[in-house]
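Working notes, beginning with the structure itself.
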There are 2 protein chains.
Amino acid sequence: MRYINFGDEPAISPDDFFMNEAIREAKLALAEDEIPIGAIVVCKGKIIGRGHNLTERLNDVSAHAEMQALTAAANFMGGKYLQDCTLYVTMEPCVMCAGASYWFQLSRIVFGAYDTKLGFGRINQKITHPKTVITGGILENECAELVRGFFKSKRK
Amino acid sequence: MRYINFGDEPAISPDDFFMNEAIREAKLALAEDEIPIGAIVVCKGKIIGRGHNLTERLNDVSAHAEMQALTAAANFMGGKYLQDCTLYVTMEPCVMCAGASYWFQLSRIVFGAYDTKLGFGRINQKITHPKTVITGGILENECAELVRGFFKSKRK
């Protein structure tokens, strides 16, 4: 594992670094009173797509952070596929978003908090592309706390 | 099963009637040199959303007919959910589209041709909404022939 080093600051792993960028997107959702989930797409160390949950603003239950980031990245690439790309998302993707990643032929999915109820991990068959590698639990607590805090504030 | 009757014409079942409308959408895709898959959303006997495959035109591998029709229908309803709605689509939906239908809380999915390789039926767990009823094989041959003919012409 290589590390990005910023002079005297403590080294941070690339996955932590990019998950922090996804968290930044989640906070943009929070500021708009959306469920705070954020996503970015990274290709060869460069962020090529960003997105956050827009289900309320767009009044579209399918406007998930991942869908925004994936289509933004594909748009940027000007091509169809995201074969050398990694999706970083603060919450385990749902079946729809995992299914979308199949079509984009994504190389890797890295997510923060687990979603045992609606995450695609509950499906006992491979629904992502055969070559998509999955990593879960990166900055898990921070990612989970964002969503937990949001729903707690709603119940008040 | 109720039947729509047009005077002296032979009676046609509602499912056949609406699948013909989805086929009409598929033919619009074909005219644009897209893989000919079409979809409509019906609410209480009325078509409230239409869509066809736009993956080439939009250069977006996730621009499936179902996604177009579902978002168009939700837009028309001005609400989030499609609880009294049926999606008619010429081809068995993929995992992404079936996953999207979960979020829209769709009442029913009716599809034409089976897609044993990429259709959501290959998943042995329920990925649509718990109350979504599935019917497959409506005007199956006609729906399948459209796609078969398209790929046959491409191989020439």
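The values are calculated or read from the model by the stated rules, or taken from the named source; none is laboratory data. Just so it is clear, the model here is predicted, and its values are computed rather than measured. Positions of Cβ are backbone-derived with ideal geometry, glycine not excepted, and every protein chain shown enters the neighbour counts. The accessibility values were calculated without ligands, DNA or RNA, using every heavy atom of the protein model including side chains. Shrake-Rupley method; radii C 1.70, N 1.55, O 1.52, S 1.80 Å.
Data table
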quantity: Counting DSSP beta bridges with both ends in the range B:14-155, the antiparallel % (nearest 5); calculated: 60 percent
quantity: Buried area at the A-B interface (accessible, heavy atoms, 1.4 Å probe, summed, Å²); calculated: 2500 Å²
quantity: Average beta carbon contacts from partner chains per residue of B:92-105, 10 Å cutoff; calculated: 6
quantity: Mean separation of Cα contacts under 8 Å (6+ apart) over length of chain A, as relative contact order %; calculated: 19 percent
quantity: Per-residue mean of C-beta atoms belonging to partner chains within 10 Å, peptide A:126-132; calculated: 1
quantity: Helix-only mean residue ellipticity at 222 nm for chain A, each DSSP H run of n ≥ 4 adding -39500 (n - 2.57), per residue, nearest 500; calculated: -12000 deg cm²/dmol
quantity: Cβ neighbours within 10 Å from other chains - mean over B:50-58; calculated: 1
quantity: Candidates A:Thr128, A:Thr86, A:Thr55, ranked by Gaussian network fluctuation over chain A, Cα under 10 Å, top entry; calculated: A:Thr55
quantity: Around B:Thr135: net Lys/Arg minus Asp/Glu count, Cβ-Cβ under 12 Å; calculated: -3
quantity: Volume of the Cα convex hull of the range A:14-155, divided per residue and given in Å³; calculated: 97 Å³
quantity: DSSP bridge pairs, the protein assembly as shown: antiparallel proportion in percent, nearest 5; calculated: 60 percent
quantity: Surface share of carbon and sulfur [accessible, 1.4 angstrom probe, percent] for the protein assembly as shown; calculated: 53 percent
quantity: The protein assembly as shown, accessible area per residue, ligands and nucleic acids excluded (1.4 Å, Å²); calculated: 48 Å²
quantity: Mean projected area in nm² (Cα convex hull; one quarter of hull surface) for the protein assembly as shown; calculated: 18.8 nm²
quantity: Cα-based reach from A:Lys154 at 13 Å (exclusive), listing aspartates and glutamates while leaving out same-chain residues under 8 positions away; calculated: A:Asp33, A:Glu34
quantity: Peptides B:102-115, A:99-112 ordered by average Cβ neighbours within 10 Å, highest first; calculated: A:99-112, B:102-115
